[in-house]
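Read-outs: derived from the displayed coordinates by stated rules, not from any lab. Computed from a predicted model, the values in this text were never measured in an experiment. Don't worry about glycine lacking a Cβ; one is built from the backbone with ideal geometry, like all the others, and counts go over all protein chains shown.
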Amino acid sequence: MAQLFQHYWWALLILLALVFYKFVLRFFFGMVIVPEDKVGLVTKKFVLFGEHKELPDGRIIATLGEAGFQAKTLAPGLYFWKWIWQYEITFENFTIIPEGKIGLVLAKDGMEIPTGNILGLRVECDNFQDAEKFLVNGGQRGRQTNYITAGSYRVNTMLFQISITEMVRIQESMVGIVTTLDGQPIEAGNIAGKLVEGHNNFQDFDKFILNGGNRGLQPQVILAGSYNLNPWAIQMEQTPMTEIPIGYVGVVISYIGQEGHDLTGSEFKHGNIVEKGYKGVWLEPLGPGKYPINKYIMKVELVPTTNLVLNWANASSEAHNLDKNLSTITVRSKDGFPFNLDVSQIINVPTTEAPKVIARFGNMINLVSQVLEPTIGNYFRNSAQDSDVIAFLSTRKERQDSAKFHIKKVLDEYNVNAVDTLIGDITPPESLMKTLTDRKIAEEQKVTYDTQKQAQETRQGMEKETAIADMQKEIVSAQQSVEIAERTASTAVKKSEGEAASVKLAVSAEAEATKMRAQAEAIATKARAEAESSAVKLRAAAEAERISLTGNAEAEKILAIGKSTAESYELSVKALGNENFTRYKITEELAKGHIKLIPDILIGGGSDKNGGSALDGLLGLKLMEMMDPKLKGESDKNTKGNKGKTEDSAEKE
């Protein structure tokens, strides 16, 4: 073992040197090695000869070599003459500020912050990495206006305390309303500080202070984005941007600014309307869109520029809700009946008149409650008292037109256009409605009965016309029958004439007789046809008339037959002569009567001397037939036999 130590003693020395080198080097040479990711914080234990011995009153960080915490730090590297017996070196990690965050700085030493301020102003100190400069250049103790952004810093933590906080992010369609916590007091009579430029949206708060910014509510707002804002200096409130929909304008009421000159003139005495940027109601309203309005220093009143419908009805309200407090109007008529009516009023506020409306009333709700509601309600109450309920219902249109004219005249004085006034449902008392309903039902029943009566009369007329039309068929048929009969008779006449002409050479008298018979038959047929036609007509009109017409027709027939017979006789007489025609007719009549030329019983009328004749014999025979009916039958038989014989003889001839 001893031999081994003798040979390798130097190795032991090297090993010990390696183990205690820091102590040895630090003790004899004051050597300090600061790692690359560390910062060396120096504390001086005592002061040697010729150095400052004590710190000034109130100070805790030494800048001139006094004993205590030293302002100057050791950056990464090699240092000498920091003997262990005089200096204590503490290694601290770098201060790292992550992305999206900022570091707030609290100084533990420095000058006093002036009275009235709460933050220390920025001094040049390499982002708080040079504590000695901070103190020498007048850095102030306490919270600092300045901050450090994302990165790594060699901060003397014996002087500075770092707090990490989030950046401020303003969302889309939002606006940031700023309230500063430090600065000059706001002037008397104002509710917000004055507008200050050059502070980069309050990110450079020192410039805000140096430029005379006021603490408190700020007129400037911050739009969407990310900002490095010191929360010890600024309070941020995010609110939605002011949106003005289509069909509306926004009248701006500014609570800050200088007193502006009234632009409305002497005629308008309900408030000042000023230029943009002044305190008061702005003359120029905002159109549809989104605006970054600071709601604490400005107010935007929405005014609809389209037609606006307001309903005085319990069960109806528009989307704008301006009529949510309006209800059905209850009025009392002249005859003492209370009844309800719904009213709709259509108004329009011109864009150029919107500021005057807001200056006069403050908002649209006040316009409705202070002008429209009493005006319309009182008008219809007064109108109803001049009329009873029935008359009010019957003159609804006239009253609606009158209301439109009256309300338009009133609203013109308030810079509002009255487009139309409409009366909706009218609800009379139930008892009165029952009376009206009963009356109406009675009137309708009367109309119904009259209609039914007219229908019955129409039906009777139709049936009468139908009957006449039906009889017309018979009349036409009868007329046609008459025409047919006439044609038939004419044909028969012509035929008879032809036959008479054909036999005229043989027997002129017989031809003439046949002709006369044909004419007589034609006339008789015609008379019968006319009589039948007249009978059909008379049956349709009345049975009594039919009988009368039938009698006339029979008379005409007899007359026609007699006339034709006379004409026939006259022609026969002309053709045969008087004696021959007489003989012919006697023979014809005997043949028609089936009289025997040679009687079964011959009755003599006396001697020739006494003037007896054949006529006397015939009269005696007729007397016997009347006395003995059997004899009459035998005589008829003989007559028929003789007639047959006579006809046979005639045929032979």
Query raised in the report: residue 183 is checked against (1) under 30 Å from residue 351 (Cβ atoms); (2) surrounded by 20 or more Cβ atoms within 10 Å (Cβ to Cβ) and fails just one. What number does that condition carry?
Result: (1)
Query raised in the report: Looking at this structure, is residue 103 assigned to a loop (DSSP other than H, G, I, E, B) and small (Gly, Ala, Ser)?
Result: no
Report task. Can you work out which of the residues in segment 203-236 that are assigned to a strand (DSSP E or B) and touching a Phe, Trp or Tyr at 6+ places or on another chain (Cβ under 9 Å) is farthest from residue 113 (Cα to Cα)? Result -> 222
Query - Close pairs from segment 405-425: first free of Cβ contacts under 8 Å to residues at least 60 places away in the same chain, partner among the small types (Gly, Ala, Ser) and in a strand (DSSP E or B), Cβ under 8 Å, at least 6 apart - result: 408/418; 410/418; 412/418
Report summary line: The number of residues in segment 211-232 that are over 53 Å from the mean Cα position of the chain (by Cα) and without any contact (Cβ under 8 Å) to a residue 40 or more places away in the chain is 5
Query raised in the report: Which one of these is surrounded by 21 or more Cβ atoms within 10 Å (Cβ to Cβ), within 30 Å of residue 76 (Cα to Cα) and touching a residue at least 12 places away in the same chain (Cβ under 8 Å): 208, 160?
Result: 160
Query raised in the report: Name the pairs: first residue in segment 105-126 and within 17 Å of residue 207 (Cβ to Cβ), second residue among the charged types (D, E, K, R), Cβ to Cβ under 7 Å, at least 6 apart or on different chains?
Result: 117/182; 119/143; 119/182; 120/141; 120/143; 121/206; 122/206; 124/133
Requested in this report: Would you mind stating whether residue 398 is of a type outside the set (Lys, Arg), within 19 Å of residue 350 (Cβ to Cβ) and surrounded by fewer than 16 Cβ atoms within 10 Å (Cβ to Cβ)?
Outcome: no
**Report entry** Among (1) basic (Lys, Arg); (2) in contact with a His (Cβ under 9 Å, 6 or more places away or on another chain); (3) not in a helix (DSSP H, G or I), the one test that residue 334 misses
**Finding:** (2)
Requested in this report: Tell me which of these residue 144 doesn't satisfy, since it passes every other one: (1) over 29 Å from residue 241 (Cβ atoms); (2) touching a Gly at 6+ places or on another chain (Cβ under 8 Å); (3) part of a helix (DSSP H, G or I).
Outcome: (3)
**Report entry** residue 381 being over 18 Å from residue 308 (Cα atoms), basic (Lys, Arg) and touching a Gly at 6+ places or on another chain (Cβ under 8 Å)
**Finding:** no
Report summary line: All-but-one check, residue 394 against (1) of a type in the set (Ser, Thr, Tyr); (2) over 29 Å from residue 245 (Cα atoms); (3) in contact (Cβ under 8 Å) with a residue 12 or more places away in the chain, failing number (3)
Query raised in the report: Has segment 286-297 got any residue that is more than 23 Å from residue 366 (Cβ to Cβ) and surrounded by 20 or more Cβ atoms within 10 Å (Cβ to Cβ)?
Result: yes
Requested in this report: Output the residues belonging to segment 62-94 that are free of Cβ contacts under 8 Å to residues at least 24 places away in the same chain and part of a strand (DSSP E or B).
Outcome: 62
